[in-house]
1. Which one of the conditions (1) under 27 Å from the mean Cα position of the chain (by Cα); (2) loosely packed, with under 14 Cβ neighbours inside 10 Å; (3) within 21 Å of Gln191 (Cα to Cα); (4) not polar (S, T, N, Q) does Met242 fail to meet, given that it meets all the rest?
2. Which one of these does Ile146 not meet: (1) out of contact with any Leu (no Cβ under 9 Å at 6 or more places or on another chain); (2) within 24 Å of Gln70 (Cα to Cα)?
3. Looking for something in contact (Cβ under 8 Å) with a residue 12 or more places away in the chain, touching a Lys or Arg at 6+ places or on another chain (Cβ under 8 Å), assigned by TED's automatic domain parsing to the domain that holds Ser13 and among the polar types (S, T, N, Q) - is there at least one such residue anywhere in the stretch 202-220?
4. Across the stretch 245-267, which residue is surrounded by the most Cβ atoms within 10 Å (Cβ to Cβ) among those that are of a type outside the set (S, T, N, Q) and without any contact (Cβ under 8 Å) to a residue 12 or more places away in the chain?
5. Looking only at the stretch 51-97, count every residue that is in contact (Cβ under 8 Å) with a residue 24 or more places away in the chain, surrounded by fewer than 17 Cβ atoms within 10 Å (Cβ to Cβ) and assigned to a helix (DSSP H, G or I) and tell me the total.
6. Need the failing condition index for Ser144 against (1) touching a Gly at 6+ places or on another chain (Cβ under 9 Å); (2) touching a residue at least 40 places away in the same chain (Cβ under 8 Å); (3) among the polar types (S, T, N, Q), just the number.
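The values are calculated or read from the model by the stated rules, or taken from the named source; none is laboratory data. Keep in mind it's a predicted model, so treat the numbers as computed, not measured. Here the Cβ positions follow ideal geometry from the backbone for every residue, glycine too, while neighbour counts run over all protein chains shown.
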Amino acid sequence: MSWIIEESNDASSAINVQGNTVTCQKEDFYGSPINVLWKDPADKSGLYYWQIEFLQLDKQGNASVGLTTQDHFKAGYAIKSMEYNGNLADGSAFLVGSFGDRIKQGDNIGILLNLTDSEMKVHLFLNGQPLGLAFHVQAPFSISVINVVVSFSANGEATIIRLKQVPTSLDRQEEQFNGIEGHWKLVDYPQHSDCTGYHFHLFKKGGMDNNVYSLSTRVINTMNSILCHDPSTNQWQSQSGMSTMMGGDQESMRKEGVISELTNGITGVELQGQKLVITSNGNQVKLERYTPEPPQTYTKNVFAREY
């Protein structure tokens with residue numbers, strides 16, 4: 001068992017390996033990921049379970065883990081792999097969005113491969129919690145040897161182990177939320193009754209301040225904002241954040257303007273029973289909890305360019 005480093009000038013100077021630990025340290029900008037393969041192959045039918053722990057990872061960057069073959073292990077975005085980075089990807093192209101949280105320092109990612117002559121299943125785990133079936137490829141496929149790959153798009157350090165004992169709980173668990181955090185559906189907007197049904201996602205923003213929240217929603221574009229709560233006055237203030245810039249039909253863009261005005265004008269957020277009441281621009285709207293559909297398993301063979 002050993003690490004194999006991609007063939008590139010960046011990797012030769014940035015990567016340092018010691019046993020089952022790999023460190024990536026690069027002084028300048030990451031124009032493309034730096035890939036390292038852990039040569040501990042899955043080369044016959046059976047269950048294979050690896051855990052990759054990120055001992056260090058810069059906050060401003062990203063990393064991914066996945067499975068690839070020796071033939072498809074390439075430098076940068078030329079690699080083909082069944083990859084998890086929060087989303088599912090093939091090493092360069094996006095496949096399934098929001099499969100889990102973006103990888104950060106301290107995270108432990110589990111990869112369970114169930115390999116048979118008829119199919120290949122890949123289950124993922126984040127810090128011991130099952131994310132569910134990520135990739136499911138059915139025969140025929142000409143894949144003989146599978147290895148774990150780690151890709152760094154920021155400075156970091158990761159260690160890998162393979163465990164004989166495999167997880168038995170494989171299905172994603174429904175999220176549980178307390179207080180105002182969670183997934184909400186707009187159900188009552190008296191001033192704009194045709195603008196209900198939109199989904200909002202409200203969570204505490206990572207950091208030291210427990211009174212700062214991130215709020216996101218989508219009509220045509222995904223709109224993100226920051227909500228700041230002052231406990232001494234129970235006042236809320238909304239700060240505009242990032243938004244995508246896609247266009248749409250006139251009616252949809254009108255509704256997006258209404259929802260944008262709602263999120264930008266928030267001055268109050270209160271939990272009333274099972275509903276969330278938001279005060280914005282002097283008006284009140286009501287939202288109720290909902291459970292998002294789980295992300296879909298990717299069923300095409302990334303190594304065969306089926307997509």
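1. (3)
2. (1)
3. For the stretch 202-220, residues in contact (Cβ under 8 Å) with a residue 12 or more places away in the chain, touching a Lys or Arg at 6+ places or on another chain (Cβ under 8 Å), assigned by TED's automatic domain parsing to the domain that holds Ser13 and among the polar types (S, T, N, Q): absent.
4. Arg254
5. Matching residues across the stretch 51-97 total 1.
6. Going through the list (1) touching a Gly at 6+ places or on another chain (Cβ under 9 Å); (2) touching a residue at least 40 places away in the same chain (Cβ under 8 Å); (3) among the polar types (S, T, N, Q), Ser144 breaks only (1).
Residue by residue, here is whether (1) part of a helix (DSSP H, G or I); (2) within 21 Å of Pro295 (Cβ to Cβ) holds:
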site	(1), (2)
Asp171	no, yes
Asn178	no, no
Leu186	no, no
Asp194	yes, no
Phe203	no, yes
Tyr213	no, no
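The rows are residues; the columns are (1) of a type outside the set (Ser, Thr, Tyr); (2) over 16 Å from Pro41 (Cα atoms); (3) buried (at least 18 other Cβ atoms within 10 Å of the Cβ); (4) in contact with a strand residue (DSSP E or B) (Cβ under 9 Å, 6 or more places away or on another chain).
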| position | (1), (2), (3), (4) |
| --- | --- |
| Gln105 | yes, yes, no, yes |
| Ile111 | yes, no, yes, yes |
| Phe125 | yes, yes, yes, yes |
| Val145 | yes, no, no, yes |
| Val148 | yes, no, yes, yes |
| Ser153 | no, yes, yes, yes |
| Ile161 | yes, no, no, yes |
